[in-house]
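Below: the structure, in structure tokens.
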Amino acid sequence: MSAATVRVHAPGRVNLIGDHTDYMGGPVLPMAVHLGTTVVGTRGGGVVELRSDLEPDPVVLSLPAPDPTTVEPRWGRYVAGAAVELGATEGFTGTVTSTVPPGSGLSSSSALTVAVCLALGATGTHAELAVAARAAEVRANGVPCGIMDQLCSVAGVEGHALLIDCDAMTVDPVPVPEDACIWVVPSGQQRQLADSAYAERRARCEDAAALVGPLPAASLDAVEAIEDPVVRARARHVRSESGRVLAAADALRVGDLAELGRLMVASHRSLAQDFEVSTPVLDELVEGLLATPGVYGARLTGAGFGGCVVALARPGVELDGWHVRPAAGATVEIGGAE
Ligand code: ADP
Ligand code: MG
């Protein structure tokens, strides 16, 4: 193997609408953002050695990679997850640089995992790459996440959000109008208990699906007839959120930002009341943003229990967060010798 330089970039993402629908096979409307993670290095040898500008300690793994859950430093678990998932036998030596703030709801973990999978030589369709990266991330952190983050990072289209059907794994790019400014506003609240609560929510949704069939398309009457009030409320969120995602994609297509904002607010309320993944801090942040002139809508984004709010605003409005722009998906360049 020649020591050609491999340069991979994988974007972070923000989910405009559609939370806790992906793992139930529903639709989501995320967009890849201009903040991303870049891995540069060379393939070869039997060791994966990576340094990150965000971490003090490097990751050094002999191949075949060990059980990801045993790897230190912890960020190496994503690297090991990728190496194990891909059955990597050829090493990689390089650096990781990232503009995605970790733990802020922009899915830095998926940007990292997608980038490492590609650096290690993963190939395939967008769906195949996303499935591999998701499996790698599950190996790393044990959270049974859906396909949205990885598929968005792989399949992003500049200037577009992506309407993703998480069951069929199809991606339908939807143009984001120039006058739609999307902000990610951190709540300052660290996500707490998010992983265990996530698994618990998912289990209740699966209970509901066993009763009424796939939730995104379930009959509303059947959902309302579910006896257990908690299971019923969780199912109601997934069902109603799925409808809002499709309506939001339509609103974006015709540039109806007021309608998109309204749907985002309804999503937040459903996540708060039916899915119970909001917090007083997130609720207050959303209310404050909605009271800000020029803001069409705002909602918690991601798993909940802290993290970030996504807001839709007119041009010229300045919010206390990141103004994110819709960006292309992951790229791999293989250049000349270093
Ligand atoms: P997010 O919402 O950003 O995905 P997570 O908690 O899922 O938050 O993932 C954050 C973790 O991912 C970090 O603690 C770190 O272990 C890892 N990570 C993400 N980006 C990087 C990076 N550029 N370098 C090293 N580790 C990273
Ligand atoms: Mg993550």
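The values are calculated or read from the model by the stated rules, or taken from the named source; none is laboratory data. Just so we're clear, the structure is a prediction, and the values are computed from it rather than from any experiment. So basically every Cβ, Gly included, is an ideal-geometry build from the backbone, and we count neighbours across all protein chains shown. Keep in mind that these areas ignore ligands, DNA and RNA; they rest on the heavy atoms of the full protein, side chains included. Shrake-Rupley method; radii C 1.70, N 1.55, O 1.52, S 1.80 Å.
Given the condition under 30 Å from D167 (Cβ atoms), open to solvent by 10 Å² or more (accessible area, probe 1.4 Å) and assigned to a helix (DSSP H, G or I), answer yes or no: does some residue in region 87-105 qualify?
no
For G243, indicate whether it is open to solvent by less than 60 Å² (accessible area, probe 1.4 Å) and not in a helix (DSSP H, G or I).
It is false that G243 is open to solvent by less than 60 Å² (accessible area, probe 1.4 Å) and not in a helix (DSSP H, G or I).
What tally of residues in region 291-338 results from selecting those that are free of Cβ contacts under 8 Å to residues at least 40 places away in the same chain and among the charged types (D, E, K, R)?
Of the residues in that region, 1 qualify.
Working carefully through the options P58, P66, P101, find the one that is closer than 27 Å to P186 by Cβ and either more than 15 Å from ligand 2 (Cβ to nearest atom) or assigned by TED's automatic domain parsing to the domain that holds G12 (or both).
None of the other options fit; the residue is P101.
Kindly provide the set of residues from region 55-72 that are without any contact (Cβ under 8 Å) to a residue 24 or more places away in the chain, within 22 Å of R134 (Cβ to Cβ) and not in a helix (DSSP H, G or I), ordered by number.
Passing the criteria: V59, L61, A65, P66, D67, V71.
Which count do you get for residues in region 106-119 that are near ligand 1 (Cβ under 7 Å from one of its atoms) and either open to solvent by less than 10 Å² (accessible area, probe 1.4 Å) or assigned to a helix (DSSP H, G or I) (or both)?
6
Read through the list (1) surrounded by fewer than 21 Cβ atoms within 10 Å (Cβ to Cβ); (2) outside any loop (DSSP other than H, G, I, E, B); (3) out of contact with any His (no Cβ under 7 Å at 6 or more places or on another chain), then give the number of the only condition that T38 fails.
(3)
Applying the selection to region 104-125, what residues are of a type in the set (G, A, S) and within 16 Å of ligand 2 (Cβ to nearest atom)?
Across region 104-125, the qualifying residues are S104, G105, S107, S108, S109, S110, A111, A115.
Residues of region 254-298 being of a type in the set (D, E, K, R) and under 15 Å from L312 (Cβ atoms), which ones?
Listed by number, the residues that qualify are D256, E259, R262.
Among residues belonging to region 298-326 that are in contact with a Lys or Arg (Cβ under 6 Å, 6 or more places away or on another chain) and of a type in the set (G, A, S), point out the one that is nearest to ligand 1 (Cβ to nearest atom).
My answer is G307.
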